[in-house]
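> Here's a structure for you.
The values are calculated or read from the model by the stated rules, or taken from the named source; none is laboratory data. If you're wondering where the values come from, they're calculated on a predicted model, not measured in any experiment. Cβ placement follows ideal geometry from the backbone for every residue including glycine, while neighbour counts extend to all protein chains displayed.
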Amino acid sequence: MLRISCPWCGPRDEPEFRWGGEVPVIRPGPPEAVSDSAWAEYLFIRDNPKGWVRERWLHALGCRQWFIVVRNTLSHEIRTTTKLGDSLPETAP
Amino acid sequence: MRTNPHRLESGGRIDRSRPLSFVFDGRRYNGFAGDTLASALLANGVRIIGRSFKLHRPRGLMGAWSEEPNAIVQLGSGATAVPNLKATQVEITEGLQARSVNCWPSARRDAFAFLKLFGPLMPAGFYYKTFMWPSWHWFEPTIRRAAGLGISPRVPDPDRYEERHEHCDVLVVGGGPGGIAAALAASRAGARVVLVDDRPVLGGSLQWEEKSIDGQPALEWVAAAEQELRASSSARVLKRTTAFGCYDHNLVALSERIGSEPAAAVRERLWHVRAARVVVASGAIERPMVFANNDVPGIMLASAAMSYAAQYAVRPGRRAVFVVSTDSAYEAAESLRIRGIEIAAIVDTRKDPGEIALSAQRAGIPILAGYVPVRARGTLAVKSIEVGLSPANGTAGGSARHLECDLVCVSGGWTPTVHLYSQARGQMRYDRERGAFIPAAGTKGFQCAGAAAGNLSLHQCLTDGFAAGREAAKAAGATSDAGLAPIAKAERSAVTAFWASPRDGHRKAWVDFQNDVTRGDLELAVRENLRSVEHIKRYTTTGMAVDQGKTSNMNALGILSELLQTSIPEIGTTTFRPPYDPVTLGTLAARHVGGLYHPLRHTPLDRQHAAARAVFEDFGGWWRPAWYASHGRNREECIRVEKRAARSAVSLFDGSPLGKIEVRGPDAALFLNRMYYNTMRTLAAGRIRYGIMLSEHGVIIDDGVCIRLADDHFLVSTTSGGASRIFGAFEDWLQCEWPDLRVLVTNVTSAWGNIAVAGPKARELLSRLDTDIDLDPHAFPHLSVRRGRLESVPVRIARVGFTGELSFELSLPAGYSASLWQLLLERGSPMGVMPIGIEALQELRTEKGYLHVGTDTDGRTLPADIGLGEVLARKTDDFVGRRSLDRADAKRSDRLQFVGLEAHERATVLPVGAHLVADPKTRRGSHGYVTSSCMSEALGRSVALGLVQGGRSRLGESVQIYSDGRLFPARIVSPQWYDPKGERLNA
């Protein structure tokens, strides 16, 4: 069970959180200018790397804020967590 | 009271002043407080404690604690029975009831014992090969009964289990010398420490080895250390507690056994310990040797024999032969010798065991160095063992020696207990001399110490444990000086690993005792070209089941290394998985059982419903009335009566679980316009609009009404099960996609009670209450909202409903719900008011042709599929899911579309889930299916709703609907059966 440090509330156990997938994912628009393939890319295609990844998590049973986590998908190590709106952390150390 | 024939006159850590009686396999025996079931049985001369898993061979004790593979027992009976415990770990209590497993009627006289004659027919994987025709499933039940372990209780467990969360700086797993030293060091350095041990007493091997620490008897040192830790406010000592699993970020799960007495408040407790650092001082497990008939009762680990003699004062035999490859076994032999057990010989597989053998020889013990075990003789008990010179040390022929004995103590090496460390992904290196995987560089926050780190002498364990505790405390931020490590006498502890006898008899040379896997089985697996150790494990089942290969894994690897001509590190180990030792399901479930398993939400009208004899059901996590038993003789009649009241008089429906989300702020209208498929920007204050919400894939995820209370204030109502999901989606989009919008969303679902007053007499009922709201249809039309007062209750009334009748939805602070409900029932009684449940409501909306998202739509339904396609053309703004509606697939004409269905037989209710078959002759191919269906008294016929391929352009078409062997002729229709002009709705 991961221990995740919410940038607002501090370290809490994983059941308090909900995973939201890799970031950044840019929503393309306006709809009439978006090709089918660009839309499919936005909806379905993710890097799913082995190693460091930036993800968004929600502190669902706490402050209900979304924030950014840099996690290693192999070791489950969490390097840093940042608030939305702060500059996106790098994945390379 | 019978005495214990095999109990030593004196000594041991048992309390002879507290005799206890217990029952095993139906016979009563006596033991003492401090005995385990195993030691007490051995004291009573019971040597056969179980039957082997596959061949039902008689089995006795091999170990004395968690390493025991044979002595599996079932405790108690009925609801509190516990299967699959090891007799070696069960503390006896007065009146304890235990049974051996996998045998009948008893371990000694087992009806299935004939199976051992068929051993040659049951090699590894025999069930895959032999029982394939006609199907494995024909044979499975019988085989499972013959080869099995305990029987789980069939009734709910009445006992109470708990769970606790704990945080500490240093968690020390193992209360032997290394673990105690680590805990002392960490505690003295100022760290918060938790020390856990699975035994009832601390000390580990010190309980049966006579040693000194810091110049005092070791057990006095243990007692002082325990006292010191207990006196510290920042240390916790947990005994009878197994650390069974390690999970991410240093979370270690413990199971604590508290009380097995019926009166105990809590039986077991699950601990979730989050530790900054973990020191694994879980010791090492001695290994048996693989030779022919090595499973005959009376053959046990040397350390176990010493434990029985010294800790429990039990004589494990009268004449013992030791077969060893370790120095430590000589200490065991000496311990048995001074307790009056004759040592017939020490057979050492090492050619030159050195000084330790010479001193044993001086004490009068014959030594056979360079000899290996060949085979044991005896069926129900060992009678002798044949040994011979190892081929490596000379000729095998002619050197055979038969040694008469009733006890064989084996010691093939020591395996560090690295399960937890390995679960934490710690790296290991292979030590060839000791024949063991030893922890290499520690993994993050985890380190091994003492025997678990490969140290076998007491002195090394103490020094190493103390250093590990001090380091862990420092790493966790503790700064005090821990002082000096405890010391003990230096001693030799050499090992030359020995796996298996080079001699024949492989088909009866056991590797995994618990799963009945022999050396022959491993040879067969290799002959059949299995190469990966993970495959061989699964094919032969070696290292599986309750003991997780504690005594068998390394011997299996040693044998495979020979067979595959590969080094052990190249073969690698199988993956260690939790739990280290079996954990009861009760402990894992803890308090999350019964009503706490999935807590249900109750509406503010719960008591009123119960008083009206509501039949409650779980609807999306809410405990709601399905129907009211007070309305008729049976379910059908009650629902019919409720529907009749709604259509001809007036009904009350508790809609409190309906999702209610307040959306406020200058950009509220803009935000909701993006969240809804429908246009919400243009909605006037005081008005209501029905809308649907989509996922980004264009699929309908929820529907409901959107109420505009003021220019910058909306109330979104969602389906009852959708409130938290939709609220979460609102927050997600606001925080992550549109942080610039000035909008605040609040989930107010449980703050408001909701009562739907519906039916032709709804207005009449409300007008009998004192209100400042003008109920006139012109002043207060359908799809509008008013705020005011009803009697003295502040309310908001919305002209919306789900029944198709004149309907007023009252929203009020939840606390007023009960009194207003009661008042409505009283005032409405002359006009036939009646509460209605979910079942009636579902039928009312079905005959009105209203869809229910999730029932009449599925995970692919788009707006156009339910007839809302035109809305898109009129909306120019972007919204969630819009781009997905522009895909070619979204525009296909043969998509599943929402339609009405009428059976040709007016009295036939089409079964929900039944498919429209494409070809009625073959009954193959589906054109869609029935989603809702009911008999409608108001329409005088049955009606149904469904999703049908291209259904909206097939109105009037006759179709065949198939269910359960029957075909139902039906017609596709528009679902607007009831009040198609909306006169009742708008009344």
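> Filtering the stretch B:946-960 down to residues that are in contact (Cβ under 8 Å) with a residue 60 or more places away in the chain and more than 42 Å from the chain's Cα centre (by Cα), which residue is surrounded by the most Cβ atoms within 10 Å (Cβ to Cβ)?
Within the stretch B:946-960, the match that is surrounded by the most Cβ atoms within 10 Å (Cβ to Cβ) is B:Arg952.
> Conditions: (1) surrounded by fewer than 24 Cβ atoms within 10 Å (Cβ to Cβ); (2) touching a Ser or Thr at 6+ places or on another chain (Cβ under 6 Å); (3) within 24 Å of B:Asp110 (Cβ to Cβ); (4) without any contact (Cβ under 8 Å) to a residue 60 or more places away in the chain. B:Gly50 meets all but one. Number of the miss?
Among (1) surrounded by fewer than 24 Cβ atoms within 10 Å (Cβ to Cβ); (2) touching a Ser or Thr at 6+ places or on another chain (Cβ under 6 Å); (3) within 24 Å of B:Asp110 (Cβ to Cβ); (4) without any contact (Cβ under 8 Å) to a residue 60 or more places away in the chain, B:Gly50 violates only (1).
> Then there is this: Of the residues in the stretch B:724-772, how many are in contact with a Pro (Cβ under 8 Å, 6 or more places away or on another chain) and either within 14 Å of chain A (Cβ to nearest Cβ) or among the acidic types (Asp, Glu) (or both)?
Total satisfying the criteria: 0.
> Could you list, in sequence order, the residues of the stretch A:1-26 that are without any contact (Cβ under 8 Å) to a residue 60 or more places away in the chain, more than 9 Å from chain B (Cβ to nearest Cβ) and in a loop (DSSP other than H, G, I, E, B)?
Correct list: A:Cys9, A:Phe17, A:Val25, A:Ile26.
> Can you give me the ranges of the strands (runs of 3 or more DSSP E) entirely in the stretch B:241-336 with at least 2 residues that are more than 30 Å from B:Ala556 (Cα to Cα) and of a type in the set (A, V, I, L, M)?
Of the strands (runs of 3 or more DSSP E) lying wholly inside the stretch B:241-336, those with at least 2 residues that are more than 30 Å from B:Ala556 (Cα to Cα) and of a type in the set (A, V, I, L, M) span B:268-280.
> Further, regarding this structure: Would you confirm whether or not the stretch B:98-111 contains a residue that is part of a helix (DSSP H, G or I), more than 29 Å from the chain's Cα centre (by Cα) and over 20 Å from B:Met300 (Cα atoms)? So that I can check it myself, show each step before the final result.
We begin by selecting, within the stretch B:98-111, every residue part of a helix (DSSP H, G or I); these are B:111.
Filter once more, so that each one left must be more than 29 Å from the chain's Cα centre (by Cα): B:111.
Pick out the ones that are also over 20 Å from B:Met300 (Cα atoms) and you get B:111.
Yes, the stretch B:98-111 contains at least one residue that is part of a helix (DSSP H, G or I), more than 29 Å from the chain's Cα centre (by Cα) and over 20 Å from B:Met300 (Cα atoms).
> I need the strands (runs of 3 or more DSSP E) fully contained in the stretch B:376-487, keeping only those with at least 1 residues that are among the basic types (Lys, Arg). Give the steps one after another, and end with the answer.
Details: elements: B:384-389, B:401-404, B:407-411, B:414-416, B:428-431, B:436-439, B:446-448.
Here the list reads B:401-404, B:428-431.
> Step by step: first the residues of the stretch B:735-750, then only those that are β-branched (Val, Ile, Thr) and part of a loop (DSSP other than H, G, I, E, B), then the one that is farthest from B:Val663 (Cα to Cα). Which residue is that?
B:Val748
> Inside the stretch A:66-88, can you point out the residues that are surrounded by 15 or more Cβ atoms within 10 Å (Cβ to Cβ), away from chain B (no Cβ under 12 Å) and of a type outside the set (S, T, N, Q)?
Answer for the stretch A:66-88, where residues must be surrounded by 15 or more Cβ atoms within 10 Å (Cβ to Cβ), away from chain B (no Cβ under 12 Å) and of a type outside the set (S, T, N, Q): A:Val69, A:Val70.
> Related question: For the stretch B:917-933, name all the residues that are of a type in the set (A, V, I, L, M) and closer than 14 Å to B:Val973 by Cα.
B:Val930
> Could you tell me how many of the residues in the stretch B:653-709 are hydroxyl-bearing (Ser, Thr, Tyr), within 46 Å of the chain's Cα centre (by Cα) and either more than 18 Å from B:Leu741 (Cα to Cα) or assigned to a loop (DSSP other than H, G, I, E, B) (or both)?
First, the residues of the stretch B:653-709 that are hydroxyl-bearing (Ser, Thr, Tyr): B:656, B:676-677, B:679, B:682, B:690, B:695.
So of that shortlist, the ones also within 46 Å of the chain's Cα centre (by Cα) come out as B:656, B:676-677, B:690, B:695.
Those left that are additionally either more than 18 Å from B:Leu741 (Cα to Cα) or assigned to a loop (DSSP other than H, G, I, E, B) (or both): B:656, B:677, B:690, B:695.
The total comes to 4.
> Tell me yes or no: at least one residue of the stretch A:27-50 is within 10 Å of another protein chain (Cβ to nearest Cβ) and either of a type in the set (Lys, Arg) or within 26 Å of B:His249 (Cβ to Cβ) (or both).
Yes - at least one qualifying residue is present in the stretch A:27-50.
> Can you find even one residue in the stretch B:802-816 that is under 25 Å from B:Leu683 (Cα atoms), among the aromatic types (Phe, Trp, Tyr), within 48 Å of the chain's Cα centre (by Cα) and in a loop (DSSP other than H, G, I, E, B)? Outline the logic, then answer.
Applying the first criterion (under 25 Å from B:Leu683 (Cα atoms)) to the stretch B:802-816 yields B:802-812.
Next cut, among the aromatic types (Phe, Trp, Tyr) only: B:802, B:808.
Among the residues that remain, those that are also within 48 Å of the chain's Cα centre (by Cα) are: B:802, B:808.
Filter again for in a loop (DSSP other than H, G, I, E, B), leaving B:802.
Within the stretch B:802-816, one or more residues are under 25 Å from B:Leu683 (Cα atoms), among the aromatic types (Phe, Trp, Tyr), within 48 Å of the chain's Cα centre (by Cα) and in a loop (DSSP other than H, G, I, E, B).
> Report, by residue number, each residue of the stretch B:909-924 that is modelled with pLDDT of 95 or more and either more than 30 Å from B:Arg644 (Cα to Cα) or buried (at least 20 other Cβ atoms within 10 Å of the Cβ) (or both). Quick ask: steps written out before the conclusion?
First, pick out the residues of the stretch B:909-924 that are modelled with pLDDT of 95 or more: B:909-917.
Hits for the stretch B:909-924 are B:Leu910, B:Ala914, B:His915, B:Leu916, B:Val917.
> For the stretch B:60-97, which positions are surrounded by 21 or more Cβ atoms within 10 Å (Cβ to Cβ) and part of a helix (DSSP H, G or I)?
B:Ala87, B:Thr88, B:Gln89 - these are the residues of the stretch B:60-97 that are surrounded by 21 or more Cβ atoms within 10 Å (Cβ to Cβ) and part of a helix (DSSP H, G or I).
> What are the residue pairs meeting all of these: first residue in the stretch B:511-531, first residue under 16 Å from B:Leu557 (Cβ atoms) and free of Cβ contacts under 8 Å to residues at least 12 places away in the same chain, second residue hydrophobic (A, V, I, L, M, F, W, C) and crowded, with 24+ Cβ neighbours inside 10 Å, Cβ atoms under 6 Å, and 6 or more apart or on different chains?
Taking only residues 6 or more apart or on different chains, the pairs are B:Leu530/B:Ile536.
> Which one is farthest from A:Gly85 (Cα to Cα) among residues in the stretch A:51-62 that are aliphatic (A, V, I, L, M) and more than 8 Å from every other protein chain (Cβ to nearest Cβ)?
So the first thing to find is which residues in the stretch A:51-62 are aliphatic (A, V, I, L, M), and the list is A:53, A:58, A:60-61.
With more than 8 Å from every other protein chain (Cβ to nearest Cβ) added as a condition, the list becomes A:53, A:61.
On the way: A:Val53: 18, A:Leu61: 21 Å.
Among those residues, the one meeting the criterion is A:Leu61.
> In addition: Given the structure, is B:Ala723 in contact (Cβ under 8 Å) with a residue 60 or more places away in the chain, in contact with a Leu (Cβ under 7 Å, 6 or more places away or on another chain) and buried (at least 21 other Cβ atoms within 10 Å of the Cβ)?
So B:Ala723 fails the test.
> Scan the stretch B:695-717 residue by residue and report those that are within 14 Å of chain A (Cβ to nearest Cβ), surrounded by fewer than 22 Cβ atoms within 10 Å (Cβ to Cβ) and not acidic (Asp, Glu). Reasoning before the result, please.
Start the filter on the stretch B:695-717 by keeping residues that are within 14 Å of chain A (Cβ to nearest Cβ), which leaves B:695-699.
Still in the running and surrounded by fewer than 22 Cβ atoms within 10 Å (Cβ to Cβ): B:695-697, B:699.
B:Ser695, B:His697, B:Val699 - these are the residues of the stretch B:695-717 that are within 14 Å of chain A (Cβ to nearest Cβ), surrounded by fewer than 22 Cβ atoms within 10 Å (Cβ to Cβ) and not acidic (Asp, Glu).
> So B:Glu268 ticks every box in (1) surrounded by fewer than 19 Cβ atoms within 10 Å (Cβ to Cβ); (2) closer than 30 Å to B:Cys168 by Cα; (3) in contact with a strand residue (DSSP E or B) (Cβ under 9 Å, 6 or more places away or on another chain); (4) away from chain A (no Cβ under 14 Å) but one. Which box is left unticked?
(1)
> Given B:Ala798, B:Ala864, B:Ala814, which one is modelled with pLDDT of 95 or more and under 18 Å from B:Leu985 (Cβ atoms)?
Numbers: B:Ala864 fails: under 18 Å from B:Leu985 (Cβ atoms); B:Ala814 fails: under 18 Å from B:Leu985 (Cβ atoms).
From the options B:Ala798, B:Ala864, B:Ala814, the qualifying one is B:Ala798.
> OK, next. Give me the pairs: first residue in the stretch B:474-500 and over 30 Å from B:Pro373 (Cα atoms), second residue aromatic (Phe, Trp, Tyr) and not in a loop (DSSP other than H, G, I, E, B), beta-carbon distance under 7 Å, and six or more apart or on different chains, which are they?
Close Cβ pairs (under 7 Å, with a partner that is aromatic (Phe, Trp, Tyr) and not in a loop (DSSP other than H, G, I, E, B)) amount to B:Ala485/B:Phe466; B:Pro486/B:Trp221; B:Pro486/B:Phe466.
> Now for a separate question. Working only within the stretch B:573-596, note down all residues that are surrounded by fewer than 17 Cβ atoms within 10 Å (Cβ to Cβ), in a helix (DSSP H, G or I) and modelled with pLDDT of 90 or more.
Hits for the stretch B:573-596 are B:Leu585, B:Leu588, B:Ala589, B:Leu596.
> Scan the stretch B:888-897 residue by residue and report those that are away from every other protein chain (no Cβ under 14 Å) and out of contact with any Leu (no Cβ under 6 Å at 6 or more places or on another chain).
B:Arg892, B:Ser893, B:Asp894, B:Arg895, B:Gln897 - these are the residues of the stretch B:888-897 that are away from every other protein chain (no Cβ under 14 Å) and out of contact with any Leu (no Cβ under 6 Å at 6 or more places or on another chain).
Each row is one residue, and each column tells you yes or no for (1) of a type outside the set (Val, Ile, Thr); (2) buried (at least 22 other Cβ atoms within 10 Å of the Cβ).
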residue: B:Leu844; (1), (2): yes, yes
residue: B:His852; (1), (2): yes, no
residue: B:Thr855; (1), (2): no, no
residue: B:Arg882; (1), (2): yes, no
residue: B:Arg892; (1), (2): yes, no
residue: B:Val899; (1), (2): no, yes
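> Assigned to a strand (DSSP E or B) and either in contact (Cβ under 8 Å) with a residue 40 or more places away in the chain or away from every other protein chain (no Cβ under 14 Å) (or both): does that describe B:Arg236? Can you show your working first?
Numbers: assigned to a strand (DSSP E or B): yes; either in contact (Cβ under 8 Å) with a residue 40 or more places away in the chain or away from every other protein chain (no Cβ under 14 Å) (or both): yes.
For B:Arg236, the condition - assigned to a strand (DSSP E or B) and either in contact (Cβ under 8 Å) with a residue 40 or more places away in the chain or away from every other protein chain (no Cβ under 14 Å) (or both) - is met.
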